[in-house]
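Asks: Have a look at the structure that comes next, please.
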Amino acid sequence: MALLRKINQVLLFLLIVTLCGILYKKVHKGTVLRNETDDDSEAPEEMEDEIPVVICAAAGRMGATMAAINSIYSNTDANILFYVVGLRNTLSRIRKWIEHSKLREINFKIVEFNPIVLKGKVRPDSSRPELLQPLNFVRFYLPLLIHQHEKVIYLDDDVIVQGDIQELYDTTLALGHAAAFSDDCDLPSAQDMNRFVGLQNTYMGYLDYRKKTIKDLGISPSTCSFNPGVIVANMTEWKHQRITKQLEKWMQKNVEENLYSSSLGGGVATSPMLIVFHGKYSTINPLWHIRHLGWNPDTRYSEHFLQEAKLLHWNGRHKPWDFPSVHNDLWESWFVPDPAGIFKLNHHSS
């Protein structure tokens, strides 16, 4: 009887230790990205059918996010789970906009991004301060947000999807590749646009090749760059290759040595990705990322070309909800009015 009591005491002790361990992990889990609604009760088979789409909702451009979501949801029969990422002071506004508009039917999670993770990793000086907004770096931290999905789509907010996003999700990633991007040399029409408005489409436009650290990478400055505004990512490979840690390393190096600058072509979020993913990424169908629509308000694509496009991206300063801009009629057709009346279109003609 004494032996049995002793065994029971040992088993009880082990049970308590195990429970303490579980509680410790839950309490100390990273808070870089936090689901506002922590409902992870979906059955595994339901999760496999979901297409997770990560998109940020910044305070001053939330209308862009809602238009993008509307275009995605309206053009597919797939089961989309939108991860809408914002800073703490915008979360309630994001929820109100979705729940009090035509978007109320979507499947979504609102996620808080904690900018403390960027402390000491971003240079304060910039010719384009909007590129230093914390949400620009959410794409670096995807595995901290996506736990139950093997594959995820990340989209910038200034996009409109005209095709079925299932096609983009079905992009094949080669063995050992953590992500797929669009090459900046992938379309003849895009190259024509580059020459016309002076866009950079090589590493020279993003990295400072006068710096020894950049030269030592051994990457030719004429190497074609890629655009990380549309990403199809493999979470297993991302974590296995410690992509987030690599990106953070180059952010810190830039703080110390000023290796890239927003005064160059791509700003501060593209450059570390160009370094980390050099020669190790798959490519997205070019029609799934037609970009530079926001680069020059005097330069337009042909209407036929735009109709063929699956995804339009107004990267650059000239956004389709503002003035001046081009092809804003295509964007406006997906605009969802702000229930709070804060976000307004600015399309005066003079």
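The values are calculated or read from the model by the stated rules, or taken from the named source; none is laboratory data. Nothing here was measured: the structure is a model prediction, and the numbers come from that model. Neighbour counts run over all protein chains shown; Cβ positions are idealised from the backbone, glycine included. The accessibility values were calculated without ligands, DNA or RNA, using every heavy atom of the protein model including side chains. Shrake-Rupley method; radii C 1.70, N 1.55, O 1.52, S 1.80 Å.
Asks: Tell me which residues come under 5 Å, amide H to amide H, from Gln162 once H is placed; ignore anything under 5 positions away on its chain.
Replies: Leu311, Leu312
Asks: Roughly how many nanometres apart are two label points built 7 Å out from the Cα toward the Cβ at Lys280 and Glu99?
Replies: 4.2
Asks: So, by mean Cβ neighbours within 10 angstrom, what's the order for 56-66, 306-316 with the highest one leading?
Replies: Listed from highest to lowest mean packing, they are 56-66, 306-316.
Asks: Return the long-range amide H neighbours of Val54 (sequence gap of 5 or more, or a different chain), with a cut-off of under 5 Å between placed amide H atoms.
Replies: So Val54 has HN proximity to Tyr83, Ile153, Tyr154, Leu155.
Asks: Something else now. Residue separation times 0.36 nm, minus the C-alpha to C-alpha distance between Lys249 and Arg210: what's the value?
Replies: 12.1 nm is the gain from fully extending Lys249 to Arg210.
Asks: Modelled label-to-label distance, Asn79 and Asn258, 7 Å Cα→beta-carbon offset: nm?
Replies: Going by the 7 Å Cα→Cβ label model, 5.2 nm.
Asks: Related question: Report the equivalent ellipsoid semi-axes for region 49-173 in whole Å, largest first, defined as the square roots of five times the eigenvalues of the gyration tensor built from alpha carbon atoms.
Replies: 24, 17, 14
Asks: Asp183's amide H: which non-local residues (gap 5+, or another chain) put their own amide H closer than 5 Å, with H modeled 1.01 Å from N in plane and none for Pro or chain starts?
Replies: So Asp183 has HN proximity to Ile284.
Asks: From the protein chains alone at 1.4 Å, what is the descending order of accessible area for Arg210, Arg291, Arg88, Arg123, largest first?
Replies: Most to least solvent-accessible, the answer reads Arg210, Arg88, Arg123, Arg291.
Asks: Moving on to the next point. Packing-wise, with mean Cβ within 10 Å as the measure, how do 292-299, 225-232 rank, highest first?
Replies: So the peptides 292-299, 225-232, ranked by packing, come out 225-232, 292-299.
Asks: From the cross-link list Lys212/Lys249; Lys212/Lys280; Lys121/Lys319; Lys151/Lys310, which pairs have alpha carbons spaced over 18 Å apart?
Replies: Lys212/Lys280; Lys121/Lys319; Lys151/Lys310
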